[in-house]
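This report refers to the structure that appears directly beneath it.
Values quoted throughout were computed directly from the atomic coordinates according to the rules given, and no laboratory measurement underlies them. These figures come from a predicted structure and were not determined experimentally. Using ideal geometry, Cβ is built from the backbone for each residue, glycine included, and neighbour counts are taken over all protein chains shown.
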Amino acid sequence: MQKNYYQPEAETMQVEDIKKLQEEKLIKQVKYVYDNVKYYRDLMDERGVKPEDITCLSDISKLPFLTKDDLREAYPYGMLATDLKNCVRIQSTSGTTGKRVVAFYTQNDIDMWEECCARAIVAAGGSNEDVVQVCYGYGLFTGGPGLNGGSHKVGSLTLPMSSGNTNRQIQFMMDLNATILCCTPSYAAYIGESLKEKGYKPEDNKLKAGIFGAEPWTEEMRRDIEKSLGIKAYDIYGLTETSGPGVSFECEEQTGMHINEDHFYAEIIDPDTGEVLPEGSKGELVFTSLDKEAFPLLRYRTRDITILTREKCSCGRTFIKMKKPMGRSDDMMIIRGVNVFPSQIEAVLLNLGYAPNYLILVDRVNNTDTFEIQVEMLPEDFSDTPKVITKKEKKIQSAMKEMLGINPTIRLVAPKSITRSEGKAVRVIDNRKKIGINI
Ligand code: DLL
């Protein structure tokens, strides 16, 4: 079979050449960050590390880590490494106002990011003959803009659908003969079900592949989606902080995602001690950008748990592969593709005058995440009529929607009815774990 790559010279580089390139880029990027990002320079100074101390890849372990908290502390401009006039875009994670992570991009950063997405599309069999339907969200979320840009680079006809309005998605998919679908795996499964409900069989659509990511999904889910849509389903990974989707992507082997190592250096660390672990070990994934201009990050702790392996891949790509993320080392949940922290929920409740007695219940029913928050009503509200209670629930719901970007079901429950814990409070019951989804 003819192998297709978007940038073969990079994607099939000899491993020694990748390492040499990474080393050269790392040395430059560290100096660039030291010279231009005061926040990180201070961290390096605190540790007594200077850019000259970084002379080879393994020296990276001398550098301090960066965490989401650092990025929040530095919000909005503290991590910016270039003049604002050189920046052309921001993207952002969902999160508390004022506490969002805001990532900046120069045009070169956008080009690099879109090329990474183009590699993913070509690895999924895409070319300028394809019609790529992008139903990741557009806007501050990186999913829509990233895959949209990648599809342009490939020269595919791009359908910038954004998420939601499933009837319209299906109409465009069928009328315009979409061949590649890009969305979260749970939305892909939902589209599959909706097609079936409308009486379509998998062979009635022209789709051949899907590029699905932004949330954890299982091999079982992959098989379900492949069957219901009649496609091959490819995984794609990324995070706002490093650029967005396309940091790594799957090839036809479907055994893990190749990391775009010419732009990102990956390490696996022990989440408790920070020690760098050898290849093949399970631990927390840490990324260092190698050539970003606006928002370069050195040793950024993703909190995603995975394993890196550099086994020979039948696709011919030489980039190291990461396994599907197997969980997180923090309390972030991904619900319907949106990142949710219990602390955000607590902040909303405290703001509205409730005590922090709540329980978050998450499950996956018919491939869609369910999300309920039980909140203890205030003792003085206990005698409220059902109508008044419903009104209060709606008020909490709209405040949650504003904070999180998604709508939970809110249930006000009797005072003192949520079990108190004697140790660490159990705030989250995530039943998706029972069906093998490693949230
Ligand atoms: O989710 C970027 C993205 C968009 C990736 C579209 C793929 C497709 P954030 O909203 O910043 O960015 O969330 C990043 O999502 O740290 C992981 O925990 C999780 N995640 C992303 N892709 C995958 C995946 C986008 N393929 C966080 N499998 C990351 C499992 C994923 N988890």
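Table for the structure above
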quantity	calculated
Isotropically averaged projected area of the stretch 1-330, using the convex hull of Cα atoms (one quarter of hull area), nm²	16.4 nm²
Order by protection proxy (mean Cβ within 10 Å, highest first), peptides 377-389, 344-356	344-356, 377-389
Cα-centre dipole for the chain with unit charges at Cβ (Lys and Arg positive, Asp and Glu negative), debye to 20	1160 debye
Cα pair count fraction exceeding 17 Å, expressed as % - the stretch 40-79	36 percent
Potential extension, GLU372-GLN14 segment - 0.36 nm per residue separation minus Cα distance	123.9 nm
Links that overshoot a 22 Å alpha carbon limit, given the list LYS198/LYS324; LYS31/LYS292; LYS196/LYS401; LYS196/LYS433; LYS38/LYS282	LYS198/LYS324; LYS196/LYS401; LYS196/LYS433; LYS38/LYS282
Relative packing of 183-190, 390-397, which averages over residues the other C-beta atoms within 10 Å, highest first	183-190, 390-397
Residue with peak Gaussian network fluctuation, the chain [Cα springs, cutoff 10 Å], from GLY238, GLY48, GLY144	GLY48
Relative contact order [Cα under 8 Å, 6+ residues apart], the chain, whole percent	14 percent
Calculated over the stretch 222-346: convex hull of Cα atoms, volume per residue (Å³)	130 Å³
Under the Debye formula (equal points on every Cα, no solvent term), log10 I(q)/I(0) of the stretch 333-435 at q = 0.12, 0.18 Å⁻¹	-0.39, -0.88
